Amino acid sequence: MRDDLDVLREEERLRGRLSLLRRRLLEELSEPGSATTLAARLGETRQKINYHLREMEKGGLVELVELRQRRGRTERVLRASARSVVIAPTVIGDARRDGQDRFAADALLSAAARTFNDVAELRERADAAGKRLVTFTVDTEIAFAEPADIERFTQRLADRLADLAAEFHSPASGRRYRVVIGGHPVRGRAENPQEPAP
């Protein structure tokens with residue numbers, strides 16, 4: 001069964017850089033296709049497409065779904081092994097947040113990178129053990145009237161989180177969870193002060 005999201009955590013799975021052509025191939029292979037059909041669609045030679053498909057197959061980015069006999073040769077039909085592929089930040093380097101205040105963009109990026117890596121690794125371990133990884137996500141949007149409101153909101157949120165942590169924390173017998181809360185401006189949407197609060 002195809003995954004919704006494939007996380008590349010090992011550099012060798014990239015099998016070289018994830019070039020524009022390879023990204024196009026992954027997009028095209030949301031539906032099964034062969035080197036011949038892809039070459040015609042993308043205006044490339046079948047040999048070039050076939051080389052890239054074989055490298056991507058070695059890295060687990062595409063998978064074989066069918067072998068067809070066509071004009072005296074065997075045609076390999078492949079598809080992307082996941083609906084979406086992301087590269088874990090640790091493939092490029094380790095993001096550190098030493099000395100950053102909680103309002104720095106780098107602090108949020110570092111926390112997001114660490115969360116990304118941790119959850120990807122835990123999901124792999126759970127899959128290998130045949131278990132479900134239990135996580136939770138809270139996501140909302142807020143329109144702040146003034147920049148100073150962001151700091152006040154953050155402080156009140158931190159205070160409430162500390163209260164909740166004190167109420168639910170069970171160091172002797174509980175399962176440990178990391179809770180990460182961050183905020184960033186909404187991308188690509190015009191500001192609408194009349195929009196109701198979520």
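We did not get these values from a lab; they are worked out from the coordinates using the rules stated. The structure displayed is predicted, hence computed values, not measured ones. Don't worry about glycine lacking a Cβ; one is built from the backbone with ideal geometry, like all the others, and counts go over all protein chains shown.
The gain in end-to-end length when the V179 to K48 segment is fully stretched comes to 42.6 nm, 0.36 nm per residue minus the alpha carbon separation. Here's how it looks for S30: its modeled amide H is under 5 Å from those of A80, which are all 5 or more places away or on a different chain.
The GluC sites (Glu not before Pro) of the stretch 108-143 that meet both conditions, a loop assignment by DSSP and at most 16 other Cβ atoms within 10 Å of the site Cβ, are E141.
Per-residue Cβ neighbour counts within 10 Å put K48, K131 in the sequence K131, K48, beginning with the fewest. Spin-label pair V119-F153: with each label point 7 Å from Cα along the Cα-Cβ axis, the two points sit 2.0 nm from one another. Sorted from fewest to most neighbouring beta carbons within 10 Å, what does the list R176, R160 look like? Ordered by Cβ neighbours within 10 Å, fewest first: R176, R160.
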